[in-house]
Amino acid sequence: MATKLLLTFSICRLIVTVGLTLDPSELVLLGVDGQLSVDPTDVETASLDFGRLTRATPPLAVLHPASAQDISQLIKAAYRSDFGFTVSARGHGHSISGQAQPQTENGVVVQMSGSRRGSGRKPPQPRVWPRERYVDVWGGELWIDVLRSSLEYGLAPKSWTDYLYLSVGGTLSNAGISGQAFNHGPQISNVHELDVVTGIGELLTCSEEQNSELFHAVLGGLGQFGIITRARISLEPAPQRVRWIRVLYSNFSAFTRDQVYLISLHAEPGSQKFDYVEGFVIVDEGLINNWRSSFFSPSNPVKISSLKSNGGVLYCLEITKNYHESTASTIDKEVESLLKKLDFIPATVFTTDLLYVDFLDRVHKAELKLRSKGLWEVPHPWLNLLVPRSKIADFEKGVFKVLGITISHPQFIVNQGRIPKRSVIYFIRWDHRSSAVTPDEDVFYLVALLRSALDNGEEIHSLEYLTNQNREILRFCDDARINVKQYLPHYATHEEWMNHFGNKWDWFYQMKMKFDPSHILASGQQIFTPTF
Ligand code: FAD
């Protein structure tokens, strides 16, 4: 009853707000089980994202769906309406440049995450299939909740993002990358099946075998072809604990050589290997000491200032080994034998040991700290680039030059410790049939410049300064012909998008015409213009 009342009230408001642009009779007939809301808080939330770089035109309404059918009803109404409106799925709103917000005056947002609040019907809970080793989850489920549900059966997904408060539909629309990707591929390579509501409102199940075109198009598809309402995600027995190790390098070639070596072990059957490989750059001595003391106690304490760094820059290789308590007695030996083969600065091994779940959820701790200091809800001009291996050394030299990094200029990459950051990953398993775009080489790195803008009067922390640096980095890559691809891409023109997709563009366009011919979905990506 309460839901019905709210819905009626909402629709009345919607009719008044929408005026002539939206055919109200179609929305009145929607009859969704969830909530179609014009509550100012919902509308305000839906017009902002984590990036806080722009505030979108507020959507006309926000749908909190109870089921895939609700979404299908809404999209059918958008598709058939004479006036038309766009529909944007919003996961947890952790995009940077308004990708989950409508770009149009008449947009409706489907709030996929957090739809279980309030009364009335709710999206389905995760369902684990222990024998088959997969879990079925709602498209708006957060990865932290996927983890919790799977752990009840001693299982866990194989491939992660560094941060777990992201939605399944949101990361599968990009790729979902973390330090396990060299071993298992990104998250889009670990999906058995999807339910998708297309841009004409059809609810289709798709997989490698069934509706395979849609399956590959949706994975990494930036929300262009449909809204993912269910994903079947591959699971493995969950490790109990993690040995987490960081070692330091002053030489960039040694650092990348060791990464490549560690990752190549993946291809050698039966060989010992680490389970996670990332790395990051440290550019400030104060930060190094600070990071070390708050994070690890090295077994051989070392004075960082005594290390020969490359003009104030050190490279940190970050690796983990998962284990079960029953094999705890051998973990030290295994780690030691792997570390022996590496060329890091002697006596810079920083080690900690923690529960698997605490390792996976590590960034949330940083989030809570930042929130308490008011440093989470600030603009984030992030730039994520996939860099081909053959050009990583040129990229490293050039980008440091662009950023003018010296020891007294410490806000690059590690971002003053605000978000612990990866910079380099090497991929072995990436399914090129998906929509996700990578450089034209089998081996490439993800370089993540994750910086926060601060309004503290210092120019180098300002949004304008950081945004200009990002532009300069992209310009440098163009000039030096480093064929980078943006991850979580943001472009404003059609030409830039065609260039981004390269030889995938024709196929991408065909899939759009097939599954969302009126360009209703995910207009915030600014790839296609709605046809009404
Ligand atoms: P949203 O921002 O809400 O949506 C992103 C896009 O997906 C939009 O176009 C939206 O319309 C579309 N979309 C959302 N839900 C659906 C759905 N169900 N069906 C179809 N389309 C949908 N990424 C990594 O790969 N690795 C990381 O380690 C990583 N760490 C991060 C850490 C932080 C703190 C943040 C803020 C982001 C991080 N990301 C990482 C980026 C993240 O993967 C993207 O922001 C992604 O978009 C997921 O966020 P979201 O669920 O909030 O999606």
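The values are calculated or read from the model by the stated rules, or taken from the named source; none is laboratory data. As the structure is a prediction and not an experimental result, all values here were calculated from the model. Cβ placement follows ideal geometry from the backbone for every residue including glycine, while neighbour counts extend to all protein chains displayed.
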Within the range 511-532, residues being over 10 Å from residue 103 (Cα atoms) and of a type in the set (Ser, Thr, Tyr) number 2
Discussion item. Scan the range 124-135 and tell me whether some residue there is over 30 Å from residue 362 (Cβ atoms), in a loop (DSSP other than H, G, I, E, B), at pLDDT 95 or above and away from the ligand (no atom under 13 Å from the Cβ).
Written reply: yes
Within the range 150-165, the count of residues that are within 13 Å of the ligand (Cβ to nearest atom), surrounded by fewer than 23 Cβ atoms within 10 Å (Cβ to Cβ) and not aromatic (Phe, Trp, Tyr) comes to 3
*asked:* Based on this model, can you work out whether residue 464 counts as surrounded by fewer than 13 Cβ atoms within 10 Å (Cβ to Cβ) and not assigned by TED's automatic domain parsing to the domain that holds residue 197?
replied: yes
With the condition kept exactly as written, say whether any residue in the range 224-236 is within 16 Å of the ligand (Cβ to nearest atom) and either part of a helix (DSSP H, G or I) or not assigned by TED's automatic domain parsing to the domain that holds residue 175 (or both).
no
Listed by first then second residue, the pairs whose first member lies in the range 57-70 and is in contact (Cβ under 8 Å) with a residue 40 or more places away in the chain and outside any loop (DSSP other than H, G, I, E, B), whose partner is buried (at least 24 other Cβ atoms within 10 Å of the Cβ) and of a type in the set (Asp, Glu), with beta carbons under 9 Å and at least 6 positions apart or on separate chains, are 63/70; 64/70
Considering residues that are among the small types (Gly, Ala, Ser), part of a helix (DSSP H, G or I) and modelled with pLDDT under 95, the number found within the range 71-106 is 2
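One line per residue, one yes/no per condition, for (1) in contact with a Gly (Cβ under 9 Å, 6 or more places away or on another chain); (2) within 16 Å of residue 220 (Cβ to Cβ); (3) exposed (fewer than 15 other Cβ atoms within 10 Å of the Cβ):
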site	(1), (2), (3)
447	no, no, no
458	no, no, yes
507	no, yes, no
512	yes, yes, no
How many residues of the range 306-343 are modelled with pLDDT under 95 and among the aromatic types (Phe, Trp, Tyr)? The answer is 1
